[in-house]
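The values are calculated or read from the model by the stated rules, or taken from the named source; none is laboratory data. Remember, predicted model here, so these are calculated numbers, not experimental data. With ideal geometry, Cβ positions are generated from the backbone for all residues, glycine too; neighbour counts draw on all protein chains shown.
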Amino acid sequence: MSPDVSCHFGMMDPVATARGWRRALSRHLMRLDLGSRVNRFFTPAPDRAIRHYVARSAPIFVVTAERGGEVCGVAEMHPHLEMPRAAEIAVSVDEDLRRRGIGRELFERALTEARARGIGDIWVVYLSGNEAMRRIAHRAGFASVPGGDPGTITAHLIDLAEGRG
């Protein structure tokens, strides 16, 4: 099912695009409303925190949704800090474009790209009240991992490189 809004989906490769991807990511994240900032960063991240995050961010790749030449949604795939060949995904969409399938499409495209790059193990961590991310992860075949902080859900998809997902 395609998103019900006209968006162009693309890819930003942090290695190949130098600074351009940081500028586009920063503009998108700075536009997020308070609730979206809490869902994305687990805190009401002020602009300076977002600038700091973007300056230090080292994703493997970023899948983008663009409308009118402006990034309006991203799926960032970051290397897992403790496991080789594993990654963690984070998704955000501009407030006025939510509930239109864009987040799901970004998520699915990121999983496809991860599979193509041989990443066999994907994680997502989200606030327990983030129903949109729960639905997206569940539909993609992620399973919740028991334990941990009761305010967050950690979900895991394994054997992605084998075609699961």
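Test of understanding: among Val124, Val145, Val71, which residue is free of Cβ contacts under 8 Å to residues at least 60 places away in the same chain, among the β-branched types (Val, Ile, Thr) and within 15 Å of Met11 (Cα to Cα)? When all the criteria are applied, what remains is Val71.
If you filter the stretch 146-165 down to residues that are within 13 Å of Trp123 (Cβ to Cβ) and modelled with pLDDT of 60 or more, you find that the one that is surrounded by the fewest Cβ atoms within 10 Å (Cβ to Cβ) is Gly148. Can you tell me which residue in the stretch 78-102 is nearest to Asn39 (Cα to Cα), limited to those that are touching a Phe, Trp or Tyr at 6+ places or on another chain (Cβ under 8 Å) and either of a type in the set (Val, Ile, Thr) or crowded, with 21+ Cβ neighbours inside 10 Å (or both)? Across the stretch 78-102, the extreme among qualifying residues is Val91. With respect to (1) over 14 Å from the mean Cα position of the chain (by Cα); (2) buried (at least 16 other Cβ atoms within 10 Å of the Cβ); (3) hydrophobic (A, V, I, L, M, F, W, C); (4) in a helix (DSSP H, G or I), the lone exception for Ala45 is condition (4).
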